[in-house]
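Report on the structure given below.
Please treat every number below as a calculation from the coordinates, not as lab data. Everything numeric here is computed off the predicted structure, so don't read it as measured data. So basically every Cβ, Gly included, is an ideal-geometry build from the backbone, and we count neighbours across all protein chains shown.
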Amino acid sequence: MKPTTLDARGLSCPQPVLLAFQAMREMGSGHLEILVDNEASQENVRRAVVSQGWTPTITKLNENDYVLRCEKS
Amino acid sequence: MSRGVKNILATTTGIIFVGGLIGVVAAWLQQAGNPANMAICVACFGRDIAGAIGLHRAAVVQYLRPEILGFVLGSFGAALVFKEFKPTGGSSPLIRFVLGMIAMIGALVFLGCPWRVILRLAGGDGNALFGLGGLIVGVWIGTLFFKKGFNLGRSQGQSISAGLMLPLIMAGLLVLRFLFPPIPGEAQSGVLWYSIQGPGASYAPLAISLAVGLGIGFLAQRSRFCTMGAIRDVILFNQWYLMFGFLALLVAALGANMVLGQFHPGFEGQPIAHTMWFWNFAGMVVAGLAFALAGGCPGRQLFMSGEGNSDAAIFVLGSLVGAAVAHNFGLASSAQGIGPHGMAAVIISMLVLLGIGITHCKR
C-alpha cells in the first residue's frame, strides 16, 4: 500500500505535530511519511508518533529536510 | 558533531536540566544585582532595552539588558555549532509584529512574561497565581484556534543576511553597551539611557549578565525550552516534554529562593507587582493568546531569532515597539496598579487577537 505523505515543511510549531496527530487518528495504523524542514520539528513529531505507538525511521534528505517514515501494524 | 552529543538536551532529562538551571541562575542573579522576583524576565528586560535606546522615556525602566542580547547571540552560537542556523521567514510578518506588540502590552499589564510568572511564584508573590491562570486560559484559547486550523502560512528559506539581521542588531547593541557604559548618577551615557533609580537601576555586573545570557541562549536553543509551548502541548496533545522544563524552573527557583532567603509569601507589597487580580489575569490572557498564535513565548522567540528565523525576529522587534507604546500611552502597570489606559489596552488587544485568530482559520 502506498504510504500517506504529510508535507509539514515551512510550518511553525505546533502545526507539524497537530497534522501528525490528525493523520494518525484518521489512519489508526499503516504507513505514514512526514516531511519536516528543521531539527526541532523532527524531534517534536518523533515524540508525538512514538507516544501513539508508531515506530519512526528518520532519514535526512538534504541539508534541511527530514523524512519520518512511521509504521504501526 | 556527533548525533549523540547533538540531542542530549532535547531529552526529558535535558530539558529538566535546562529549566532547573535557569531557575537557580535566576535566583542567583537577584543576589548579583538584578531586580527582585524579576531576575531574567524577557518582557521586563525587553521593555528596559526599549527605554535604553529611547523608544520610551519611563525613567525608572531604562537599561540595555545584556541577558537579552546574550539569549539571541548564545542561541546563534549554538545554531552555528550544531549546523541549525537556517534563514527562514515570510510567514505573515506584519501579523507577527502586531502579535509581538500585543504580547508585550499584555505582559506589561500583568508585569512579567511567563518566565516571570514562574519566578514571581517562586518568590512567594501570590498575585502571580492570577497571571498563571490567565496564561493558561490565553494559551487554551489559542489551542481552540489551532483545532480550527489556525495557521499563519508557511515560511520559506531566505538569504543569509535576513537570518543574520537580529543577531547583528543584538551584537550592535552590545557594542553600544561597551562604548557607553553607565555613569553613576547620570541618566545618559552617549546614546544610551540609564535609570538612576527604580528597577532599571538594579542590574548585575555586565560580565555576569552577559555570560548568563549567552549560556542560557545556547542551552535553550538545544533543548527548545518554551513556557508557552509547555502549556499548549499539555492541553493540545497531552505531551509533557516542555512542561517538565517549566516545572523544573519553578521547583529550582523556589528551592534556590528558600536557600537564599528570597521567599516571601504574600500578596501585598511584592516587588514590582500590583494586586489588581482581575487585570493580572486579563493581561496574561492577552499575552498568552498572543504567544500561542505566534508559536512561542518571548524567550523562545529570541532563541528562534538566533537560529535565523526572521519571523521570530519580527515578533521581537514588535515587542520592543509594544513596550514603547505601553509606556508612552500609559498602558503599562506599576506597583500602584494598572496604567490609566490599561483596561482599554486589554480590551482592544483581545479584539485584535480574536480577529487575527478568526481570519487565519482554514476550516
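State to the nearest 20 debye the size of the charge dipole of the stretch B:34-93 about its Cα centre, where the only charges are +1 on K and R beta carbons and -1 on D and E beta carbons.
On the way: 5 positive and 3 negative charges, 19 e Å.
Using Cβ point charges on Lys, Arg, Asp and Glu, the stretch B:34-93 gives about 100 debye.
What does the average come to when, for each residue of peptide A:14-26, you count the partner chain Cβ atoms lying within 10 Å of its Cβ?
Numbers: counts 11, 7, 0, 5, 8, 0, 1, 3, 1, 0, 0, 0, 0.
That average works out to 3.
Taking the dipole about the Cα centre of chain B, with the C-beta of Lys and Arg at +1 and of Asp and Glu at -1, give me whichever of B:V251, B:F237, B:G46 is farthest to the positive side.
So the residue furthest toward the plus end is B:F237.
Which whole number gives the average, over all residues in A:28-40, of C-beta atoms from other chains lying within 10 Å of the residue C-beta? Write down the numbers at each step before the final one.
Values: counts 0, 0, 0, 0, 0, 0, 0, 0, 0, 6, 7, 11, 10.
Mean partner-chain Cβ count within 10 Å for A:28-40: 3.
With 10 angstrom as the radius, rank A:E39, B:E84, B:E186 by how many other C-beta atoms surround their C-beta, starting from the fewest. Working shown, then result.
Working: A:E39 22, B:E84 19, B:E186 10.
In order of increasing Cβ crowding within 10 Å: B:E186, B:E84, A:E39.
With 10 angstrom as the radius, rank B:H56, B:H264, B:H274 by how many other C-beta atoms surround their C-beta, starting from the fewest. Please list the in-between numbers first.
Values: B:H56 23, B:H264 14, B:H274 19.
The most exposed by this proxy come first: B:H264, B:H274, B:H56.
What's the percent breakdown of Cα-Cα distances in chain B across 20 Å bins, shortest bin first?
Values per bin, smallest distances first: 33, 62, 5.
What length, rounded to one decimal in nm, is gained on full extension from B:H264 through to B:I347, with 0.36 nm per residue of separation minus their alpha-carbon distance? Present the calculation step by step, with values, prior to reporting the outcome.
Working: separation 83, 0.36 × 83 = 29.88 nm, distance 3.26 nm.
Additional length available on full extension: 26.6 nm.
Quick one: work out the % antiparallel among DSSP beta bridges in the stretch A:4-72, nearest 5. Could you put the intermediate results ahead of the total?
Values: 13 of 17 bridges.
Expressed as a percentage, antiparallel bridges in the stretch A:4-72 total about 75.
How long are the semi-axes of the equivalent ellipsoid of chain A, defined as square roots of 5 times the Cα gyration tensor eigenvalues? Whole Å, largest first.
Rounded to whole Å, the semi-axes are 18, 13, 11.
Give me log10 I(q)/I(0) at q = 0.07, 0.08, 0.10, 0.14 Å⁻¹ for the protein assembly as shown, Debye formula, one equal scatterer per alpha-carbon, no solvent.
-0.31, -0.41, -0.64, -1.28
Can you list residues whose amide H is under 5 Å from A:E33's amide H, if they're 5+ apart or on another chain and H is modeled 1.01 Å from N?
When sequence neighbours closer than 5 places are left aside, the close amide H contacts are A:T4, A:T5, A:L6, A:C70.
Within the set of other residues whose C-beta is less than 15 Å from the C-beta of A:R69, count the net charge using Lys and Arg as +1 and Asp and Glu as -1. Don't jump to the answer; show the numbers that get you there.
Working: positive: A:K2, A:R46, A:K60, A:K72; negative: A:D7, A:E33, A:D65, A:E71.
That works out to 0.
Who wins for biggest fluctuation among B:N34, B:N309, B:N238 in a Gaussian network model of chain B, springs between alpha carbons below 10 Å?
Highest fluctuation among the options: B:N238.
Lysine pairs in chain B with alpha-carbon atoms under 19 Å apart, 8 or more places apart or on different chains: how many are there?
Working: B:K6/B:K83; B:K6/B:K86; B:K147/B:K362; B:K148/B:K362.
Qualifying lysine pairs in chain B: 4.
With a sphere of radius 13 Å drawn around the Cβ of B:A50, what net charge do the other residues whose Cβ falls strictly inside it have (Lys, Arg +1; Asp, Glu -1)?
Working: positive: B:R47, B:R57, B:R65; negative: B:D48.
Local net charge: +2.
When DSSP beta bridges are limited to those with both residues in the protein assembly as shown, what percentage is antiparallel, rounded to the nearest 5? Working shown, then result.
Values: 18 of 24 bridges.
Here the share of antiparallel DSSP bridges comes out near 75 percent.
Could you tell me which of A:G28, A:Y66, A:V17 has its Cα farthest along the dipole of chain A towards the positive end, charges placed at Cβ (Lys, Arg +1; Asp, Glu -1), taken about the Cα centre?
Highest projection toward the positive end goes to A:G28.
Relative to the Cα centre, what is the charge dipole magnitude of the stretch B:40-148, using +1 at the beta carbon of each Lys and Arg, -1 at the beta carbon of each Asp and Glu, and rounding to the nearest 20 debye?
On the way: 10 positive and 4 negative charges, 58 e Å.
Result for the stretch B:40-148 is approximately 280 debye, rounded to the nearest 20.
Among B:L129, B:L260, B:L192, which one shows the biggest mean-square fluctuation in a GNM of chain B, springs joining Cα atoms closer than 10 Å?
Taking springs between Cα atoms under 10 Å, the residue moving most is B:L260.
Rounded to the nearest 20 Debye, what is the dipole magnitude of chain B about its Cα centre when Lys and Arg each give +1 and Asp and Glu each give -1 at the C-beta? Mind showing how you got there, number by number?
Working: 20 positive and 9 negative charges, 205 e Å.
Rounded to the nearest 20 debye, it is 980 debye.
Along the charge dipole of the protein assembly as shown, pointing to its positive end and built from +1/-1 on Cβ of Lys, Arg, Asp and Glu, which listed residue (B:A273, B:G200, B:A59) has its Cα farthest out?
B:A273
Please identify the DSSP H helices in chain B that span no less than 18 Å along the helix axis (Cα) and have a mean Kyte-Doolittle hydropathy of -1.0 or more. Please report the intermediate quantities before stating the final value.
Working: long enough: B:12-32 (30 Å, 1.48); B:66-81 (22 Å, 1.65); B:93-110 (26 Å, 2.19); B:127-147 (31 Å, 1.51); B:160-179 (28 Å, 2.11); B:206-223 (25 Å, 1.43); B:241-260 (29 Å, 2.11); B:277-294 (26 Å, 1.62); B:310-328 (27 Å, 1.26); B:342-359 (26 Å, 2.36).
Length and hydropathy pass: B:12-32, B:66-81, B:93-110, B:127-147, B:160-179, B:206-223, B:241-260, B:277-294, B:310-328, B:342-359.
Go ahead and run the numbers for FRET between A:T5 and B:T12, Cβ-Cβ distance against an R0 of 41 Å, rounding to 0.05. List each step's numbers first, then the result.
On the way: r = 30 Å, r/R0 = 0.72.
With R0 = 41 Å, the Cβ-Cβ based efficiency is 0.90.
Can you tell me which of B:A252, B:A103, B:A344 moves the most in a GNM of chain B? Springs connect C-alpha atoms under 10 Å apart.
Of the options given, B:A344 has the highest mean-square fluctuation.
How big is the shadow of the Cα convex hull of the stretch B:252-315, averaged over all directions, in nm²? If you can, show how the numbers build up before the last one.
Values: hull surface 24.8 nm².
For the Cα atoms of the stretch B:252-315, the hull's average projected area reads 6.2 nm².
Let me make sure I get this right: for the stretch B:101-196, a, b and c are the square roots of the gyration tensor eigenvalues over alpha carbons, sorted descending. Under 1.5 in a/c it's rounded, otherwise prolate if a/b > b/c, else oblate. Which is it?
Details: a/c = 3.37, a/b = 1.25, b/c = 2.71.
Here the stretch B:101-196 falls in the oblate category.
Quick one: give the max-minus-min coordinate of the C-alpha atoms of the stretch B:296-335 along each principal axis, largest first, in Å.
Between the extreme Cα coordinates on each principal axis of the stretch B:296-335 lie 35, 17, 11 Å.
Enumerate the amide H contacts of B:F180 below 5 Å, restricted to partners 5 or more residues apart or on another chain; note that Pro and chain-start residues carry no placed amide H.
none
For the stretch B:207-363, what does the equivalent ellipsoid look like in terms of its semi-axes, each the square root of 5 times an eigenvalue of the Cα gyration tensor, given largest first in whole Å?
Working: eigenvalues 127, 116, 61 Å².
The equivalent ellipsoid of the stretch B:207-363 has semi-axes of 25, 24, 17 Å.
Taking 0.36 nm per intervening residue step and subtracting the Cα-Cα distance, what contour gain separates B:V191 from B:F178 on full extension?
Values: separation 13, 0.36 × 13 = 4.68 nm, distance 1.17 nm.
Here the answer is 3.5 nm.
What does the highest-first list of B:311-323, B:90-102 look like by mean Cβ count within 10 Å? Don't jump to the answer; show the numbers that get you there.
Numbers: B:311-323: 26.4, B:90-102: 21.8.
Sorting B:311-323, B:90-102 by mean packing, highest first, produces B:311-323, B:90-102.
Under a Cβ-Cβ cut-off of 15 Å, what is the net charge of the residues other than B:M38 that fall near it, where Lys and Arg count +1 and Asp and Glu count -1? Before the final figure, lay out each step's value.
Values: positive: B:R47, B:R65, B:R116, B:R120; negative: B:D48, B:E67, B:D125.
My count for the surroundings of B:M38 gives +1.
Relative to the first principal axis of the alpha-carbon coordinates of chain A, what is the inclination of helix A:39-51, with its axis defined by its Cα atoms, in degrees from 0 to 90 and to the nearest 10?
Approximately 10 degrees, to the nearest ten.
I'd like the mean, over residues of A:58-67, of how many other protein chain beta carbons sit within 10 Å of each residue's own Cβ. Let's see the in-between values first.
Working: counts 0, 0, 0, 0, 0, 2, 4, 0, 0, 0.
Mean shielding by partner chains, rounded to a whole number: 1.
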